[in-house]
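Comments concern the structure below.
The values are calculated or read from the model by the stated rules, or taken from the named source; none is laboratory data. The structure presented is a predicted model; accordingly, all values stated were derived computationally and were not measured. Heads up, the Cβs are rebuilt from the backbone with ideal geometry, glycines too, and the neighbour counts pull from every protein chain shown. Side chains are part of the model used for accessible areas, which takes the heavy atoms of the whole protein and leaves out ligands, DNA and RNA. Shrake-Rupley method; radii C 1.70, N 1.55, O 1.52, S 1.80 Å.
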Amino acid sequence: MSIRFENLKSKTKPLFIPFIMAGDPSPEITIELALLLQEEGADVLELGIPYSDPLADGPVIQESAKRAKGMTIKKAMQLVKEMRKRGLEIPVLIFTYFNPFLQLGRETFFQLAEENDVDGLLIPDLPFEESESLRQRCMEEQISYISLVAPTTSPERLYQIAQESQGFLYCVSSLGVTGERKDFHPETKRLLREAKSFTDLPVALGFGISSRQQFVEVGKVCDGVIIGSSIIRKVHQLYTECPDSWDVAFRAYLSSLTKEEASVN
Amino acid sequence: MQTTYPDLKGRFGQFGGRYVPETLMFALEELEEAFNLAMEDEDFLEELDHELTHYSGRPTPLSYAENSTKRFGGARIYLKREDLNHTGAHKINNAIGQVLLAKRMGKSKVVAETGAGQHGVAVATACARYGLSCKVFMGEEDVERQSLNVFRMKLLGAEVISVQSGSKTLKDATNEAIRYWAGAVQDTFYCIGSVVGPHPYPYIVRNLQRIIGVETKQQHHTLEGKLPDRIVACVGGGSNAIGMFHPFLEDKVDLIGVEAGGHGIETGEHAASITTGSIGVLHGAMTFLNQDLNGQIIEPYSISAGLDYPGVGPEHAFLADSKRVIYKTITDDEAVEALIILSEEEGILPAIESAHALAQAFKEAAEMDQNQSIVVCLSGRGDKDVGTIMKVMEGSQ
């Protein structure tokens with residue numbers, strides 16, 4: 001595991017784990033957004049790579065990927081180097097579908113990870129059975145390979161995946177694709193409880209979290225909250241309306257989402 | 001041995017596998033188990049056989065194409081008449097099998113993707129007959145191009161969902177069907193239309209389509225007293241081709257798959273993923289794909305909506321890699337010409353997909369001896385293509 005992921009153990013829970021798409025709305029704004037998110041309390045950054053056929057993603061992230069067209073894994077990893085130069089200290093993980101990763105090549109990825117201070121890797125369409133040698137290699141390279149579990153994951157399988165997980169364990173709150181939702185799958189609490197009993201790593205919940213109320217509720221039952229679609233939607237909206245001062249309004253939005261004092265409840 | 005694949009991990013050599021989000025893993029395991037049990041259940045096999053015989057009209061004939069044979073002056077040309085199936089194509093073999101399986105598994109809802117609408121119509125048909133609800137995802141562009149099939153599906157009681165994402169064609173309809181399935185996986189069966197997708201789909205669809213080759217072998221033996229020398233089939237995802245080829249893999253028979261060459265390979269506008277593609281992962285399987293250097297999928301092109309797919313079934317990738325099957329390409333123009341020849345010579349209007357196989361077979365037959373025979377899988381009838389052909393012919397006048 002990378003040192004930056006090790007440091008998560010001492011952080012206040014729940015961890016705030018935002019997902020953003022590299023290159024949306026632009027590479028420069030991606031860098032600024034990463035820094036802003038750190039300032040506003042992000043503990044880990046998930047940096048998405050646009051893909052033409054994102055099977056696990058809902059419309060918001062699909063549209064974001066379209067806007068970010070032309071961004072590649074390599075270019076995104078080079079953005080991380082720039083983020084680090086400007087003061088980004090939190091762990092960064094690359095979120096990519098398997099095909100772009102396959103075409104880049106494993107060795108190139110690890111080389112780029114070292115050159116650009118990348119800490120983790122998440123491939124949503126590479127299930128446990130297909131990822132064994134890659135997970136092994138990640139361990140050797142001190143890159144955290146993030147595994148996902150879902151409400152449809154059986155307890156036996158959950159145990160296996162949890163035992164092998166690195167960085168944090170990503171629990172999917174709902175069936176279907178990413179995107180904002182009102183309710184989670186009824187099995188979610190069971191999933192989180194079991195996951196926590198199977199691993200000492202932080203257990204984070206993602207898919208569908210978009211409101212302050214959800215953030216608080218989820219934060220009570222797990223160690224981390226992953227938010228993607230609603231951040232991407234908000235940045236896109238604010239940046240489109242006001243490219244010069246989107247960040248001010250976005251900070252306010254983030255506070256209302258993740259910070260106790262700004263709670264609307 | 002070519003016929004022992006896929007292995008336990010769903011692989012055909014390095015191809016195939018199961019590259020899907022975790023949410024779907026249990027459903028694929030459940031499906032694999034249910035299919036294997038069904039294939040050992042006499043009652044299920046009897047029901048499937050009964051339906052294929054008395055509902056779809058199997059066995060389909062193997063017709064001798066006498067006039068075409070004379071015209072090309074070489075090998076005797078035979079046509080495996082999948083166009084005579086109920087709903088007009090081989091797609092129904094798979095749809096009946098999978099929908100009966102869905103029913104056996106206690107699923108009440110079926111979801112499917114479709115390109116031109118042939119698979120969608122087949123699934124809607126089977127769902128109507130066996131009493132399941134049916135949702136078909138179809139790219140917005142295809143909905144516009146194939147309005148007749150959209151209406152057919154609706155008549156059959158299916159809900160057709162126009163897909164707005166991505167490039168709005170078959171690839172995106174497949175993405176959207178899989179996304180929908182991931183959200184409804186507990187009570188919904190995903191009926192995939194070709195030998196593509198994650199394991200066990202390529203295996204299931206191949207086994208349900210094998211009947212094409214099994215019948216052909218027997219029929220050809222009755223007519224000619226031997227195995228055919230060569231067999232030709234068109235390949236988009238590749239379900240009619242694998243169904244035809246698979247029973248012959250261990251035999252001394254030349255097998256030729258034909259990909260859509262579109263406007264010509266050199267133009268870049270084609271759907272020839274084996275001929276020009278590279279190895280990658282799409283829709284849950286490792287196979288040959290049309291993609292750029294960064295792994296983004298390139299939209300294919302073909303006059304034939306049924307061949308207009310950026311990947312190919314993983315077993316075809318394997319058979320191409322091991323050189324057991326040779327893959328060629330046929331352009332739009334060559335396919336249209338073959339369609340017209342068959343219509344004029346034999347009184348059979350083939351689907352534009354099947355016409356790709358015909359065009360290649362005509363070339364091959366002309367160079368073969370008169371005592372040899374060549375079988376073409378005539379995967380579907382061409383009524384659906386009349387509008388397209390009309391436009392082409394008007395354009396060339």
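Roughly how many Å is it from the Cα centre of the range A:52-92 to that of the range B:326-351, as a whole number?
When both Cα centres are located, 46 Å separates them.
Which log10 I(q)/I(0) values does the range B:1-124 give at q = 0.14, 0.15, 0.16 Å⁻¹ under the Debye formula, counting every alpha carbon as one identical point scatterer?
The Cα Debye sum returns log10 ratios of -0.86, -0.95, -1.03.
Of the listed peptides B:354-360, B:376-382, B:136-142, what is their order by residue-averaged count of other C-beta atoms within 10 Å, with the highest listed first?
Values: B:354-360: 31.6, B:376-382: 28.4, B:136-142: 25.0.
Ranked by mean Cβ neighbours within 10 Å, highest first: B:354-360, B:376-382, B:136-142.
Throw me the Rg/Rh for chain A, computed over C-alpha atoms with Kirkwood Rh, two decimals.
0.93
Could you work out the equivalent-ellipsoid semi-axes for the range A:163-207, taking the square root of 5 times each eigenvalue of the Cα gyration tensor, largest first, in whole Å?
Listed largest to smallest, the semi-axes of the range A:163-207 are 20, 12, 7 Å.
Please list, in chain and number order, the residues 5+ apart from B:GLU113 or on another chain whose amide H is under 5 Å from its amide H, with Hs placed from the backbone.
Answer set, sorted by chain and number: B:PHE137, B:GLY193.
For the range B:390-395, what does the Karplus curve 6.51 cos²θ - 1.76 cosθ + 1.60, with θ = phi - 60°, yield as ³J(HN,Hα) per residue in whole Hz, taken in order and with x for Gly and Pro?
4, 4, 4, 5, 5, x
Provide the buried accessible surface between chains A and B in square angstrom, both chains summed, 1.4 Å probe, rounded to the nearest 100.
2800 Å²
Angle between the Cα long axis of helix B:118-130 and the longest principal axis of chain B, 0 to 90 degrees, nearest 10?
Once rounded, one gets 60 degrees.
Past 21 Å, Cα to Cα, is the threshold; run A:LYS182/A:LYS234; B:LYS91/B:LYS171; B:LYS252/B:LYS323; B:LYS91/B:LYS384; A:LYS13/A:LYS196; A:LYS9/A:LYS234 against it and keep the listed order.
A:LYS9/A:LYS234
Okay, helix-only estimate at 222 nm for chain B: each DSSP H run of n ≥ 4 adds -39500 (n - 2.57), divide by all residues, round to 500 deg cm²/dmol; what do you get?
-13500 deg cm²/dmol
Whole-Hz Karplus ³J(HN,Hα) for the range A:6-23, in order, using 6.51 cos²θ - 1.76 cosθ + 1.60 and θ = phi - 60°, x for Gly and Pro?
Result, ordered by residue: 3, 4, 4, 4, 8, 7, 5, 9, x, 6, 9, 10, x, 10, 10, 9, 4, x Hz.
By how many degrees, 0 to 90 and rounded to 10, does the Cα axis of helix B:170-184 deviate from the longest principal axis of chain B?
It is inclined by approximately 30 degrees.
Non-local amide H neighbours of B:GLY13 (under 5 Å, H modeled in plane, Pro and chain starts lacking H): which ones?
B:ASP7
Sort chain B into rounded, prolate or oblate with this rule: let a ≥ b ≥ c be the square roots of the eigenvalues of the Cα gyration tensor; rounded if a/c is under 1.5, and if a/c is not under 1.5, prolate when a/b is larger than b/c, oblate otherwise.
Rounded, because the longest to shortest axis ratio a/c is under 1.5.
Arranged from highest to lowest average of other beta-carbon atoms within 10 Å per residue, in what order do the peptides B:71-79, B:86-94 appear?
Averaged packing, sorted descending, gives the order B:86-94, B:71-79.
Order A:HIS185, B:HIS283, most accessible first, counting only protein heavy atoms with a 1.4 angstrom probe. Present the calculation step by step, with values, prior to reporting the outcome.
Details: A:HIS185 30, B:HIS283 5 Å².
In descending accessible area the options line up as A:HIS185, B:HIS283.
Hey, how much of the P(r) for the range A:1-115 falls beyond 17 Å, as a percent of Cα pairs?
For the range A:1-115, the share of Cα pairs beyond 17 Å comes to 55 percent.
Tilt of helix B:91-104 relative to the longest C-alpha principal axis of chain B, in degrees (0 to 90, nearest 10)?
So the helix axis and the longest Cα principal axis differ by about 20 degrees.
Return one whole number: the accessible area per residue of chain A in Å², for a 1.4 Å probe.
Numbers: 10460 Å² over 265 residues.
Result: 39 Å² of accessible area for each residue.
Apply the Kirkwood formula to the range B:147-261: the hydrodynamic radius equals the inverse of the mean of 1/r over all pairs of different alpha-carbon atoms; give it in Å with one decimal. The partial results should precede the final answer.
Numbers: mean 1/r = 0.0602 Å⁻¹.
So the Kirkwood estimate lands at 16.6 Å.
Taking amide hydrogens as modeled 1.01 Å from N in the peptide plane, which residues meet the under 5 Å criterion relative to B:MET286, leaving out close sequence neighbours?
For B:MET286, the qualifying residues are B:GLY16, B:GLY17.
What does the average come to when, for each residue of peptide B:169-180, you count the partner chain Cβ atoms lying within 10 Å of its Cβ?
3
Is there a simple number for the mean count of other chain Cβ atoms within 10 Å of the Cβ of residues in A:97-107, and what is it?
Across A:97-107, the average partner-chain Cβ count within 10 Å equals 5.
So what's the back-of-envelope 222 nm ellipticity for chain A, counting only DSSP H runs of four-plus at -39500 (n - 2.57) apiece and dividing by all residues, rounded to 500?
Details: 12 runs with 124 residues, N = 265.
Computed mean residue ellipticity for chain A: -14000 deg cm²/dmol.
With θ set to phi - 60° and the Karplus curve 6.51 cos²θ - 1.76 cosθ + 1.60, what are the ³J(HN,Hα) couplings of the range B:132-139 in order, to the nearest whole Hz, using x for Gly and Pro?
Whole-Hz 3J(HN,Hα) from phi for the range B:132-139: 10, 7, 9, 10, 10, 8, 9, x.
Under the rule that a partner needs its Cβ under 4.7 Å from the first Cβ, which Cys of the protein assembly as shown have none?
A:CYS138, A:CYS171, A:CYS222, A:CYS242, B:CYS191, B:CYS234, B:CYS377
What is the Rg over Rh value, at two decimals, for the protein assembly as shown, using alpha-carbon atoms and the Kirkwood definition of Rh?
Ratio value, two decimals: 1.01.
For peptide A:71-81, what's the mean number of Cβ atoms from other chains within 10 Å of each residue's Cβ?
On the way: counts 1, 5, 2, 1, 1, 0, 0, 0, 0, 0, 0.
Rounded to a whole number, the mean comes out at 1.
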